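The values are calculated or read from the model by the stated rules, or taken from the named source; none is laboratory data. Model, not experiment: these values are computed from the prediction. When we count neighbours, we look across all protein chains shown, and the Cβ atoms used for this are built from the backbone with ideal geometry, even at glycine.
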Number of protein chains: 6
Amino acid sequence: MENQRHERGWDALMQINGPAAERLFEELADIAPDLGRWVVEFAFGDVVSRPGLDPRTRELVTVAALTAQGQWPAELRAHIAGALNVGCTPQEVVEVILQMAVYAGFPAAINGIRAAKEVFAARDSKT
Amino acid sequence: MENQRHERGWDALMQINGPAAERLFEELADIAPDLGRWVVEFAFGDVVSRPGLDPRTRELVTVAALTAQGQWPAELRAHIAGALNVGCTPQEVVEVILQMAVYAGFPAAINGIRAAKEVFAARDSKT
Amino acid sequence: MENQRHERGWDALMQINGPAAERLFEELADIAPDLGRWVVEFAFGDVVSRPGLDPRTRELVTVAALTAQGQWPAELRAHIAGALNVGCTPQEVVEVILQMAVYAGFPAAINGIRAAKEVFAARDSKT
Amino acid sequence: MENQRHERGWDALMQINGPAAERLFEELADIAPDLGRWVVEFAFGDVVSRPGLDPRTRELVTVAALTAQGQWPAELRAHIAGALNVGCTPQEVVEVILQMAVYAGFPAAINGIRAAKEVFAARDSKT
Amino acid sequence: MENQRHERGWDALMQINGPAAERLFEELADIAPDLGRWVVEFAFGDVVSRPGLDPRTRELVTVAALTAQGQWPAELRAHIAGALNVGCTPQEVVEVILQMAVYAGFPAAINGIRAAKEVFAARDSKT
Amino acid sequence: MENQRHERGWDALMQINGPAAERLFEELADIAPDLGRWVVEFAFGDVVSRPGLDPRTRELVTVAALTAQGQWPAELRAHIAGALNVGCTPQEVVEVILQMAVYAGFPAAINGIRAAKEVFAARDSKT
């Protein structure tokens, strides 16, 4: 069962964050490898890969939460990229962030848009 | 144009929160009626009623943000009810809240589920 | 000098929160009396009683911070009452709270207005 | 391995929160049983039961975090009780909460002390 | 009426943030121009330009909220500059930030002072 | 008595943060020297130097709170270094941060580990 959790989590993580996720495991390898394992097995294997919600909605709700919290800009950028990776359009990502102006205030929305702009530009420069 | 913003906002608000929203305007009427007007014209007329995202996704991302913030339980319950009002299933709402265990911690998810349970029970008792 | 800090803090505290503050000291007396002492000597004696800002502005900036944080409704109500005690008008308090809709989102402003309404009503019923 | 995680988590949970934890599983049973399972297997089986830190320190750091966050008063009370259950003294719990006045402000510390007072009183009334 | 909101908002924004605000509109122009429009029409046209509170107090309460939240350092610096632009003294800004040590903790106050120091130095270097 | 508070605070501060703390006083000297004085006299002299909890536990609960808040990365790094200075092992610091995955979410824990990695590396490079 552990193996299934790991495999399921790894597949979800690769679909959403792609090779960028591997940098996280390298970072954690010598100091807290169990945290990397929990990201795969718990966060992605138990939670994010659940069938009850489509991957696009899962990424958009994560973008909403990270925009409202405002404390984790690197994670916000990773999930904006993740939303695009699973098929969300840039416009959908922008709409989610704009809505946070209502529920978390204008600084949250403005910083969210700045994060989106950075992610969109990085992807455009690769094509 | 102001009239259009008001009308568009009112329609969105009634679709999402229904008669429950009217209590808010009564509360605000004698102390801060402009805040009630901004809820209609800005929050719902300018933002929530935008066409770029379907109402179901808009309510789910709002449930995500309010679960992660954890500070506004009344607003969280109102938007869990709102999600159901625009056609989300209870299971979808639960999935969004569960995902917050990863991004905002277990207390956020547990309190979100308690809010959902309360809203679901209140609706069941009416049918 | 300790005595001066205590006296200066106590005077500021009584001017702002009045007899309501005494309930706090009773609450803390048997479990954490030093916290009560720090409220008087540090919070009010060292900080709030400083001459560089008038008491009305000090209470309004505190109302702003507590509205934006949203986590401490009892403290928010105490400082809304404190703002009135040092001469702010109810309208000024309402303006400060409304402005938080921009910087902390609508749920913050709506809950702030609810707190203000409660404090204003309690004072009106006494007159 | 899943069984080991469950067993290890259940033992840790019972040691820390005792029968009070069972109410959580009853609450979650019909709406989100997987969240209850994750509490046992991930939160307590993977994380809290790790050998690298003694249970007393684990509960005190949790009390610190929940006091600083201020959003989850029920969880804070549960972990204040948990700290006592694993052998912390009331004085140690109070010291941790007082220190939060420095890192999260006086409202956080005052509300933390109120939570502790409630937990201590409930235990005293049982003896 | 829309035109009036826009004009009133623009005047307030220029008075408070000056040419620095224009950079925000450039940033938003190609990705979320409506957010820029809402900053002008809602945030500044509907809220910040209201007559019930003088501009100096409005900026000081905003500095207080942004210092306490701690998540938006760029916005904090912009409103520290804004407070000076509408006639607050550096000493008043410092007093507001110091008071946040009580309500949001020492890290909030220390980071607020660092932001103020940066803004004050940038202005001094221009004169 | 003021002198005693100052002396006691200074000793605690030097024990925990060492010469690194002096940079803070230099930063504050020309803009808000009283904040520096309060750090010594109140934060360290009144609170952190209290006898009711050993210095190692005090630093670990502070690391927990700062990891959960996520807003003050410089202060988090300073207290990770402080924990090591008073005798905590790197493994204990890592355990505290990992536990925050449960109570504040994975982004909090991941960013906490990144901070720890930076502090550990800086110390290793000095030896």
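Listing for the model above:
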item: Single residue of C:Glu75, C:Glu95 found to be under 27 Å from E:Leu13 (Cα atoms) and among the acidic types (Asp, Glu); result: C:Glu95
item: Every pair of residues 6+ apart whose Cβ atoms lie under 6 Å, when the first sits in the range D:104-127 and is closer than 24 Å to F:Leu76 by Cβ while the second is assigned to a helix (DSSP H, G or I) and among the β-branched types (Val, Ile, Thr); result: D:Phe106/E:Val102; D:Ala108/D:Thr67; D:Ala109/D:Ile97; D:Gly112/D:Thr67; D:Gly112/D:Ile97
item: Residue within the range C:38-61 that is touching a residue at least 60 places away in the same chain (Cβ under 8 Å) and more than 8 Å from chain E (Cβ to nearest Cβ) present; result: no
item: Considering residues of the range D:62-73 that are out of contact with any Gly (no Cβ under 7 Å at 6 or more places or on another chain) and more than 9 Å from chain F (Cβ to nearest Cβ) only, the residue farthest from F:Ala83 (Cα to Cα); result: D:Pro73
item: Test: B:Val96 is crowded, with 24+ Cβ neighbours inside 10 Å, over 30 Å from C:Ala121 (Cβ atoms) and not acidic (Asp, Glu); result: yes
item: Within the range A:15-127, helices (runs of 4 or more DSSP H) holding 2 or more residues that are within 11 Å of the chain's Cα centre (by Cα) and under 19 Å from B:Ala64 (Cβ atoms); result: A:55-69, A:73-85
item: Qualifying residue in the range C:49-59 (condition: more than 22 Å from E:Phe42 (Cβ to Cβ), charged (D, E, K, R) and touching a Cys at 6+ places or on another chain (Cβ under 9 Å)); result: yes
item: Count of the range E:74-107 residues which are more than 8 Å from chain C (Cβ to nearest Cβ) and under 30 Å from C:Glu41 (Cα atoms); result: 11
item: Residues being within 30 Å of F:Asp124 (Cβ to Cβ) and touching a Gly at 6+ places or on another chain (Cβ under 6 Å) - total across the range A:1-40; result: 4
item: Which numbered condition A:Gly9 fails, given (1) out of contact with any Ser or Thr (no Cβ under 9 Å at 6 or more places or on another chain); (2) free of Cβ contacts under 8 Å to residues at least 60 places away in the same chain; (3) of a type in the set (Gly, Ala, Ser); result: (1)
item: The range B:1-36, residues that are out of contact with any helix residue (DSSP H, G or I) (no Cβ under 6 Å at 6 or more places or on another chain), surrounded by fewer than 18 Cβ atoms within 10 Å (Cβ to Cβ) and within 12 Å of another protein chain (Cβ to nearest Cβ); result: B:Glu2, B:Asn3, B:Gln4, B:Arg23, B:Glu26, B:Glu27, B:Ala29, B:Asp30, B:Pro33, B:Asp34
item: So F:Gln91, is it touching a helix residue (DSSP H, G or I) at 6+ places or on another chain (Cβ under 9 Å) and not β-branched (Val, Ile, Thr); result: no
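Residue by residue, here is whether (1) farther than 30 Å from B:Val119 by Cα; (2) outside the structural domain of D:Ala122 (by TED's automatic domain parsing) holds:
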| site | (1), (2) |
| --- | --- |
| D:Asn3 | yes, yes |
| D:Glu7 | yes, yes |
| D:Ala12 | yes, yes |
| D:Glu27 | no, yes |
| D:Thr62 | no, no |
| D:His79 | no, no |
| D:Val96 | yes, no |
| D:Met100 | yes, no |
